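No lab work stands behind these numbers, since they all come straight from the coordinates. What you see is a predicted model; the values in this text were computed from it and never measured. Cβ atoms come from the backbone with ideal geometry, glycine included; neighbour counts cover every protein chain shown.
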Amino acid sequence: MSFDHPVDSIEDTEGFFDAINRHHLTKKLSTDNPYTYWSMEYYDKENGIRGGGGLGVLAADMRRVAEKSNIPFVLITPFYPSEQHQKIKEIDGKFETASVHQPVDYKKYGYQFIDTVNIKTEKGIVNLEVIKKKLGSTTIICITEPGFGELYAGESTGDHRLYQEVALGFGGYQALKLGGLKPAIMQLNEVATFFAALARLDELASSGMDFYEAVVYTRKHTLYTNHTLVQAAEAQFTLEQFKRFVFPNLRSNAVKKWLADKFEGNRVKLSTITIEIAELRSGVSKLHTRLANYRDQAGNKVKFHPITNGIDISKWVAPNILNFYEKEGILDKYYLPRDQFEQKIETLTAEKIRALKQENRNVLNETLNSYPNQYGKIVTIPDDALIVEYKRRFVAYKRPELPFSDPDHLAKILEEFDAYYLFSGRVHEGDDKMTKKLSDLLAIINNHPILKKRVFYFADYDEKLSYALSVGSNISINVPKVGLEACGTSWMKDVANLGVLISTADGGVADCANNNYYCVKGQVEEDEISSLYQCLKEALASWNNDFELEYMIKRELQNFLPIISGARMLKDYLNYLF
Ligand SMILES: *Cc1c(COP(=O)(O)O)cnc(C)c1O
């Protein structure tokens, strides 16, 4: 038997973290020299912070997995004093989305105020509060002030965005020093956190170290994790903006000159300077790493090391399914697949799959009580009906409209199998095109007598709804335009919760061969649409056929579990870094 998982070796899973915790890495990683992780986005509402999507969920999963693996880990992120929610209103068959902004108070979430640090901007000195929360071997350090604004507020090239990024980088670096911490590694979760590495370079270069040594040192200890595909599409800042927000925070003239030299014309892309300051670089799936097209300042193509994203299985998997994985010896105490887990998965029967899923249907129904549908009504799905779900940010490349390309065809399939289609996802505020697409889609559904009864949209997508849809649904749809999804983690939650996956071969899904799930194929969109309907029929039929159901779920788990495991991801990072 041969399996298609990408983990080179999983024999030593239990031993790995034990070894790290005992001696292997103690020289390099310790409480005073922690793994530091920098992110503008962090999605962990339990600790008060609502994110926007996958980038933030990844950061939160990294921290939780580090905590469970007992790794000294510090996550530095802003605490945004306000968060966005999305509402939807129907007026005479027309659907309108609206944003609601709610204040958030860090004091309600157990954070401790440490001190203030400051940065210099054109407005003079800005005081930033440093707050922290310790969770096991990990710490969340946040930078905040009343005027910090919201996540992704304003234009990506705007002054306020640059201010937020400079505040996190320079403010966060000072915050570490307040606590006597010296990062063993600085992982930059995308280029908006570049300024943290710049702050380190400046500190080294202005405190006696030779400038070139300081560059080498910073480069060797900085990991740039890329989630984007096309450098050309990236936002740029101007030299004039840097003069107002960045240069005033630098002490070393050599660093100032180094930075000024990176501008082409009057502009700079953060990726260009991040590549220069980080020798370690990773991408978030195998396909993404192959496709990412980045060049350094000399014009050479940049190589990214593939480390496919994973999820914190203990957060995202329903307790009864988690219990099954543990009892059968499929996952170890770090939620890493054990030796020969593939054979142990063979014990799974259709009857068991149905029983485990049925229990979680209640979780979904209960959760839906606090998420009204597009008509403002509460939905309860009958126990014996099947559920198909689609949940993710409402952005063009993820193609939320694809299943609705032929409304009659979709309606016919849903009726034939007594299935409901639930979907959720927020539109990025200010994205007029997708706002209209959502309204149009909801109008099509409203005007169709069958779809109106079987398709429901939930406007205020978040972690809780994501979890409920994953544990309670039978089938999940993930159809990004091939080549555009960096990894995606929503589908991982679905597979780990024994859902049947329909997906294009994109992002992390493409780490495995396409016969391990219902693969949507086609060179042109028209063919992909027919393929999608065919997959949907087959996936629904599999829930009425014990042999098919067992076969598909086992195949998914045998091939995807090692990828999905967040501890596998952390292990891959540690192997790459140390
Ligand atoms: C899991 C999750 C995501 C991840 O989204 P992808 O598009 O699959 O990367 C985003 N948002 C929320 C709320 C989630 O729970």
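Quick notes
- Of the two radii for the stretch 313-565, the radius of gyration is 0.94 times the Kirkwood radius, both from the alpha carbons; that is the Rg over Rh value.
- Charge sum, other residues only, whose C-beta stays under 10 Å from residue 255's C-beta, Lys/Arg counted +1 and Asp/Glu -1: +1
- If you plug the beta carbon distance of residue 327 and residue 253 into 1/(1 + (r/R0)^6) with R0 = 60 Å, you get a FRET efficiency near 0.45.
- Each Lys or Arg adds one and each Asp or Glu subtracts one; over the other residues with Cβ under 11 Å from the Cβ of residue 289, this totals +3.
- As a calculated quantity, the FRET efficiency between residue 98 and residue 220 at R0 = 56 Å, using C-beta atoms, amounts to about 0.70.
- Candidate aspartates and glutamates for bridging to residue 352, where Cα separation is under 12 Å - those fewer than 8 sequence places away on the same chain excluded: 546, 550
- Mean-position separation - Cα centroids, the stretch 214-252 and the stretch 298-323, in angstrom: 25 Å
- Scaled radius of gyration (Cα, divided by 2.2 N^0.38 Å) that the stretch 484-578 gives: 1.18
- Taking only Cα atoms of the chain, radius of gyration then Dmax in Å: 23.9, 74
- Percent of Cα-Cα distances greater than 24 Å, calculated over the stretch 207-346: 52 percent
- Projected-area average for the stretch 129-250 over all orientations - Cα convex hull basis, square nanometres: 8.9 nm²
- Shape call, the stretch 31-180: gyration tensor on alpha carbons, a/c limit 1.5: oblate
- Counted charge near residue 396, where neighbours are those whose Cβ lies closer than 13 Å (Asp, Glu -1; Lys, Arg +1): +3
- Note on the chain: dipole from Cβ charges, positive end direction compared against 140, 443, 56; the farthest Cα belongs to 140.
- The calculated FRET efficiency for the pair residue 267 and residue 362, based on their C-beta separation and a Förster distance of 60 Å, comes to about 0.65.
- Ratio Rg/Rh [Cα only; Rh per Kirkwood] for the stretch 337-459: 1.05
- Checking the cross-link pairs 391/464; 177/257; 269/571 against a 22 Å limit on the alpha carbon distance flags 177/257; 269/571 as lying beyond it.
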